[in-house]
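Asker: Dumping the structure here so I can ask a few things about it.
The values are calculated or read from the model by the stated rules, or taken from the named source; none is laboratory data. These numbers were taken from a predicted model, which means no experiment stands behind them. Counting neighbours? That spans all protein chains shown, and the Cβs are built from the backbone with ideal geometry, glycine included. What goes into the accessible areas is simple: the full protein's heavy atoms, side chains included, and nothing from ligands, DNA or RNA. Shrake-Rupley method; radii C 1.70, N 1.55, O 1.52, S 1.80 Å.
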Amino acid sequence: MDFYTLFPDIQPWVASLQTTYPVTLLNQTQWGFAAIQAVHLLALGLLGGCVILLNMRLMGVGMTSATPALMERNLRPWLISGVAAVLLTGIVIGMLNPEKLYTSPAFFTKMIAMVSALIFSFAVTNNVARQESGVKLSPVVMAMAAIAFGLWLWSIGVFAVVEGVNPGTIHMIVAAFAILFAFGKRTRIIAAIVLGIIVVAGAIVTHGIYNLDDNYEMVLTTEVWFVRAAAVAAVAFMGYEIFTGTTEDDRGATVKLIALFSILSWVTVAAAGRWIGFS
Ligand code: HEM
């Protein structure tokens with residue numbers, strides 16, 4: 001799945017983007033793309049920090065001495081600046097290489113995940129965080145959360161099935177375990193042991209017993225199953241902690257799930273961004 005498959009008729013417009021002033025000025029330099037991409041990554045760092053701080057707090061961990069409402073208020077200008085900067089720099093580097101993005105499943109995944117992440121951050125988690133005492137999720141906020149979650153699942157689905165891009169799904173699994181290690185008070189040790197066993201067993205099978213040169217297809221298939229095992233373990237431990245655990249000023253399982261998927265949707269955007277270059 002990519003934008004060319006969905007919108008083949010816009011190809012002349014896509015090609016014209018590269019010849020649009022002032023993008024043409026940047027195209028004449030050696031450093032243009034790299035410089036803007038560096039700012040792109042810095043902006044990602046800024047928005048990523050805001051998203052992680054606020055959503056981990058909604059999950060009941062991190063800066064627990066501050067209320068989510070206070071954190072949302074203080075982080076809001078930084079989040080908006082980060083998002084504005086990453087969008088602006090993204091559009092510029094996108095116009096420097098439009099045809100690559102037009103036919104890139106990784107870029108398609110990124111844009112779907114980005115819409116999901118923007119809805120989570122600006123229509124769901126900000127609303128939830130602003131509620132000082134006791135969380136009431138209005139039907140509108142629940143509907144927006146469902147739309148954002150559906151879009152994220154779609155982006156993950158495309159990410160997981162496209163050959164040459166699907167190794168990128170490992171970023172979301174690693175992020176889920178990282179969140180679990182911070183949030184999962186009762187299972188973080190056993191989760192770390194299980195993840196360790198999966199990684200070591202995978203390495204022994206795909207690099208010890210067999211190797212990529214002689215058994216390419218078999219090693220790739222085996223690696224996919226080890227990644228799936230890690231994904232199942234992450235879902236199982238996270239589900240157990242969210243639905244059976246309680247945290248300080250617990251806001252309930254629904255809010256913890258919303259916060260978790262809000263972080264994972266932004267991780268998906270960043271991971272897909274990285275895989276544009278790899279695919
Ligand atoms: C309109 C929105 C955006 C556009 C058009 C865009 C475009 C791009 C392009 C063209 C690249 C370079 C791909 C390559 O290597 O050739 C890129 C890389 C990347 N983007 Fe974006 N981007 C957008 C938004 C975002 C957002 C919201 C995030 C993060 C949350 C993000 C994170 C990244 C990352 C992590 C990379 C990889 C950089 C690297 O490691 O080299 N992008 N993006």
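Asker: How do 65, 121 rank by accessible surface area computed with a 1.4 Å probe, from largest to smallest?
Answerer: Descending order: 65, 121.
Asker: I want the local charge near residue 14. Using Cβ-Cβ distances under 11 Å, sum +1 for each Lys or Arg and -1 for each Asp or Glu among the other residues.
Answerer: Net charge around residue 14: -1.
Asker: Say we join alpha carbon atoms closer than 10 Å with springs in a Gaussian network model of the chain; which of 102, 216, 240 then has the biggest fluctuation?
Answerer: It is 216.
Asker: Can I ask one more? Using only alpha-carbon positions, what ratio does the radius of gyration of the range 180-279 give when scaled by 2.2 N^0.38 Å?
Answerer: Scaled against compact globular proteins, the figure is 1.34.
Asker: If the reach is capped at under 22 angstrom between alpha carbons, list the lysines near residue 136, excluding any in the same chain fewer than eight residues apart.
Answerer: 256
Asker: Among the lysines, which fall within straight-line cross-link reach of residue 100, defined as a Cα-Cα distance under 17 Å, with same-chain neighbours fewer than 8 residues apart omitted?
Answerer: 110
Asker: Over the chain, with a Gaussian network built from C-alpha contacts below 10 Å, which listed residue (144, 172, 218) shows the highest mean-square fluctuation?
Answerer: Result: 218 has the largest fluctuation of those listed.
Asker: Separate question: Rounded to a whole number, what is D in µm²/s for the range 44-197 from Stokes-Einstein with the Kirkwood radius over alpha-carbon pairs (4 °C, 1.567 mPa s)?
Answerer: After rounding, the answer is 75 µm²/s.
Asker: Which parts of the range 60-103 would a label at residue 138 reach, counting a residue when its backbone N lies under 18 Å from a point 7 Å out along Cα-to-Cβ?
Answerer: Flagged as within label range: 69, 73.
Asker: While we're here: Under the rule that an exposed site lies in a DSSP loop and has at most 16 other Cβ atoms within 10 Å, name the longest stretch of the chain with no GluC sites (Glu not before Pro) of that kind, not counting the sites themselves.
Answerer: 1-131
Asker: Mind checking the dipole of the range 25-142: about its Cα centre, +1 per Lys or Arg Cβ, -1 per Asp or Glu Cβ, Debye to the nearest 20?
Answerer: 160 debye
Asker: Taking the full set of protein chains and a 1.4 angstrom probe, give the accessible area of residue 76 in square angstrom, rounded to the nearest 10.
Answerer: Its accessible surface works out to 90 Å², give or take rounding.
Asker: Taking K and R as +1 and D and E as -1, what net charge do the other residues with C-beta under 15 Å from the C-beta of residue 155 add up to?
Answerer: +1
Asker: Could you work out how far apart the two model spin labels at residue 170 and residue 201 are, taking each label as a point 7 Å from the Cα in the direction of the beta carbon, and quote it in nm?
Answerer: Taking the simple label geometry, residue 170 and residue 201 are separated by 1.7 nm.
Asker: Another question about this same structure. Return the single residue from 207, 40, 171 with maximal mean-square fluctuation; model: Gaussian network over the chain, springs between Cα atoms under 10 Å.
Answerer: 207
Asker: Within 15 Å, Cβ to Cβ, of residue 238, how many net charges do the neighbouring residues add up to if Lys/Arg are +1 and Asp/Glu are -1?
Answerer: Cβ neighbours under 15 Å give a net charge of +3.
Asker: Something else about it: Report D for the range 108-163 in µm² per second (integer): Stokes-Einstein, Kirkwood Rh on Cα pairs, 37 °C, 0.692 mPa s.
Answerer: 274 µm²/s
Asker: Given a 1.4 angstrom probe, I'd like the percentage of the accessible area of the range 105-260 that is carbon and sulfur, rounded to a whole number.
Answerer: It is 72 percent, rounded to a whole number.
Asker: If all Cα-Cα distances of the range 1-128 are sorted into 10 Å bins from 0 onward, what percent lands in each bin, rounded to whole numbers?
Answerer: Per 10 Å bin, starting at zero, the Cα-Cα P(r) for the range 1-128 comes out as 12, 34, 29, 17, 8, 0 percent.
Asker: Heavy-atom accessible area of residue 235 with all protein chains present, probe 1.4 Å, nearest 10 Å²?
Answerer: 110 Å²
Asker: Run the dipole for the range 166-279 about the Cα centre, Lys and Arg Cβ at +1, Asp and Glu Cβ at -1, nothing else charged, and hand back the magnitude in debye, nearest 20.
Answerer: 340 debye
Asker: Under unit Cβ charges (Lys, Arg +1; Asp, Glu -1), what dipole magnitude, rounded to 20 debye, does the chain have relative to its Cα centre?
Answerer: 840 debye
Asker: Give me Rg over Rh for the chain, both radii from the alpha carbons and Rh done the Kirkwood way, two decimal places.
Answerer: Rounded to two decimals, Rg/Rh equals 1.00.
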